[in-house]
2 protein chains.
Amino acid sequence: MKKDSKTVSRKLNFGAGPAMLPEEVLMQVSEAVRDYAGTGMSILELPHRGKYFRDILDEAASLVRSLCAIDSSYHVLWIPGGRLQFAMIPQNFMLPDVPAGYIDSGHWSAQAISYAQLYGMTEVLASSQEKQYHQLPIWPDTHHKNLSYLHFTTNNTVEGTQWKEDPQTSVPLIADMSSDIFSCTRDFSRYSFFYAVAQKNIGAAGITLAVVHDDLLKRTIQKLPPILSYQAYVQHKSVVNTPPVFAIYTALLMLRWTSRQTLKQIDLQNEEKAKMLYAEIERNTLFYTQVEDEASRSRMNICFRGINPQVEHNFPTFCAAYDITGISGHRSVGGFRVSLYNAIPIQAVKTLIEAMKDFETEFLNKKS
Amino acid sequence: MKKDSKTVSRKLNFGAGPAMLPEEVLMQVSEAVRDYAGTGMSILELPHRGKYFRDILDEAASLVRSLCAIDSSYHVLWIPGGRLQFAMIPQNFMLPDVPAGYIDSGHWSAQAISYAQLYGMTEVLASSQEKQYHQLPIWPDTHHKNLSYLHFTTNNTVEGTQWKEDPQTSVPLIADMSSDIFSCTRDFSRYSFFYAVAQKNIGAAGITLAVVHDDLLKRTIQKLPPILSYQAYVQHKSVVNTPPVFAIYTALLMLRWTSRQTLKQIDLQNEEKAKMLYAEIERNTLFYTQVEDEASRSRMNICFRGINPQVEHNFPTFCAAYDITGISGHRSVGGFRVSLYNAIPIQAVKTLIEAMKDFETEFLNKKS
């Protein structure tokens, strides 16, 4: 609904990350900054080797395992920073003289590849770069391949495409699930390693969730400094040095919030939100999506364009009156990107669609 | 003062980090989690490429430069995580076939050295390891040395020693100032690079402040992935990937709080706090410090022992009645460690001293 007056209301933030969080989680975090659970200490002051923080880590690991339906052969790790995984994965998991396989399906896949190339032999097994990543590449046959591992990005945040099926492959499968983890059902047991930065569906920027299967972990041979070694993170239960306690606690609150539903239920809601928005993009005469292949379309990040520069320039300003923010496309591609993470309520999508319709009406009236 | 009843009051947290923060900063952070500056967004949701966050970065850089009395030939960087610097420094600043010099004055110095050894030639120029680091080593003469750089730790958090003078050397000087930055006056212009994790005098765990002089930065030759390259952090103004916006904002609030006084004033206060506590340790028959050399004694982390295991076991429990927490020594050395960071008010030190006196009285009464 278009807002009436100058009341300060919560923004409908469709940003790709840092993303909108549920208001109740924000209230809990805010309270914990004042005082954590009646301890007389802020969550920012909580000792990282004390019982309170151990409980936070344990509960978070338990919720991750439960959501993913994985057992204790998987280690749940929290690693500071985000893109550091691109450097850690090749350093930890590349075998000598055995290339690492990568699928090149978008901006972040390409980044992961450029990092891996600094550390060893890298083979790009499939790419849709020539199609500007507007669709997913054909999944390669890796049956006779000898690879250290196979890395892909489940959801391409910048271009708005998504692998909805979990591939089967005989080599260790590694997935960057940064922008769609816990947003849909997956067979997590097919993965030897999966990871996701927190600032989309898990919480606040500053921490990455990494889940590693014990078989892959044990294969690590390179001598690495502890801070870059998954084995060290496992050994020290994510406390290699002082961890970002606050970011991990925020992740725990989000995991609790997420766990109120099954991934199947969340999947259906996200499908509904995405379908509504794609339908409006197709109906509306001012917008279109370059992701023409429906099977490639992401349910998390819906990328689309205005039919001309005027539309692209004016629509974000028009949206401000609806308290809508964060809809600009990634600076490398332009256009629009609407992120429909778990915390985005369906009502927010309806408001955005209303804005798109109103914008179209106003635009056509001006023209006539 | 010994507390009267079961009221939930703020703990006097003498932990080495995550450390106690000023209550007013906690209130500001808590409010920003609900809503950042009337934006309708939480600080956790704030776009990392928008104006609000750029302003946060700019103000923080300006306050750091002002506190350190350094100009724009120094770059102020914010890097996720903590101990990662131990790996980044050798990768960025080691020259081919030129050893890096290290001073080995404590637990964290030794850690920095063990990391550096993984990346290239490392020369330990001075060490007090044989004295269990209970005093500082003699500063080495580096006049005729050809070194990539010289690294030392200004304050040894685990052992309670501190370099109060800023050394002069002809090679690029690099300092880990994690536990005493902004707590005392320093001639920062002598350093080519200094860094400090935030969870002591700068804010919350999850971010490291790194300040690099342009001359050293330009010397970097190795091809590094951006996330491990100081040049990339400079080029992208600390936004190499999504930075921990929350942790950087908390640091800004702490920098504002710190900047209300000069470092000279803060220095004097910290000296007063430390003197009071050392005096009580020396007076009290139940405690002693292994840092006998007064010139070596830290003003930030005061390490001491109980005269017997009974004292060491019972004193922390005794302290609970005074709302005192976080006084146990580092798990590698035991005993006690009291951290007197900037946010610790002098009244807290007085309460601790009261507890030490009361404990002594009770202990001696029981004996007699």
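Below, the figures for the structure above:
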quantity	calculated
Of all DSSP beta bridges in the stretch B:96-163, antiparallel share, percent nearest 5	20
Pairs of alpha carbons in the stretch B:262-367 whose separation is greater than 23 Å (percent)	23
Phi to ³J(HN,Hα) by Karplus 6.51 cos²θ - 1.76 cosθ + 1.60 over the stretch A:131-140, Hz, x for Gly, Pro	9, 6, 6, 6, 9, 6, x, 6, 4, x
Residue among B:Met121, B:Met300, B:Met254 with the largest mean-square fluctuation in a Gaussian network model of chain B, springs linking Cα atoms under 10 Å	B:Met121
Cα-based Rg / Dmax (Å) for the protein assembly as shown	27.0, 101
Rounded, prolate or oblate (a/c below 1.5 giving rounded, otherwise prolate when a/b exceeds b/c) for the stretch B:311-350 by Cα gyration tensor	oblate
The stretch B:9-15 - phi-based ³J(HN,Hα) in whole Hz, Karplus 6.51/-1.76/1.60, Gly and Pro as x	10, 4, 5, 8, 9, 9, x
Filter on A:Lys131/A:Lys223; A:Lys51/B:Lys264; A:Lys131/A:Lys237; A:Lys200/B:Lys237; A:Lys164/B:Lys51; A:Lys350/B:Lys237 - keep pairs with C-alpha separation over 31 Å	A:Lys131/A:Lys223; A:Lys51/B:Lys264; A:Lys131/A:Lys237; A:Lys164/B:Lys51; A:Lys350/B:Lys237
7 Å along Cα→Cβ, label-point gaps from A:Tyr52 to other copies, nm, shortest first	2.7
Calculated label separations, B:Lys218, copies of the chain, 7 Å along the beta-carbon direction, nm	5.3
Global form of the stretch B:249-311, assessed from the alpha-carbon gyration tensor, a/c cut-off 1.5	prolate
Per-copy distances of the A:Gln265 label point, shortest first, in nm (7 angstrom along Cα→Cβ)	5.5
Space enclosed by the convex hull of the alpha-carbon atoms of chain A, per residue, Å³	135
Order of B:Lys218, B:Lys367 - criterion: other Cβ atoms within 10 Å of each residue's Cβ, fewest first	B:Lys367, B:Lys218
Span-rule helices in chain A, defined as complete DSSP H runs reaching 20 Å or more along the axis (Cα) with Kyte mean at least -0.5	A:51-68, A:346-367
Shape category assigned to the stretch A:15-82 from the gyration tensor of Cα positions, a/c cut at 1.5	oblate
Share antiparallel - DSSP beta bridges, the protein assembly as shown, percent rounded to 5	60
Rounded to 5, the percent of DSSP beta bridges in chain A classed as antiparallel	60
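FYI, it's all coordinate maths here, none of it is from the lab. Note that the structure is a prediction, hence the values are computed from the model and not measured. With ideal geometry, Cβ positions are generated from the backbone for all residues, glycine too; neighbour counts draw on all protein chains shown.
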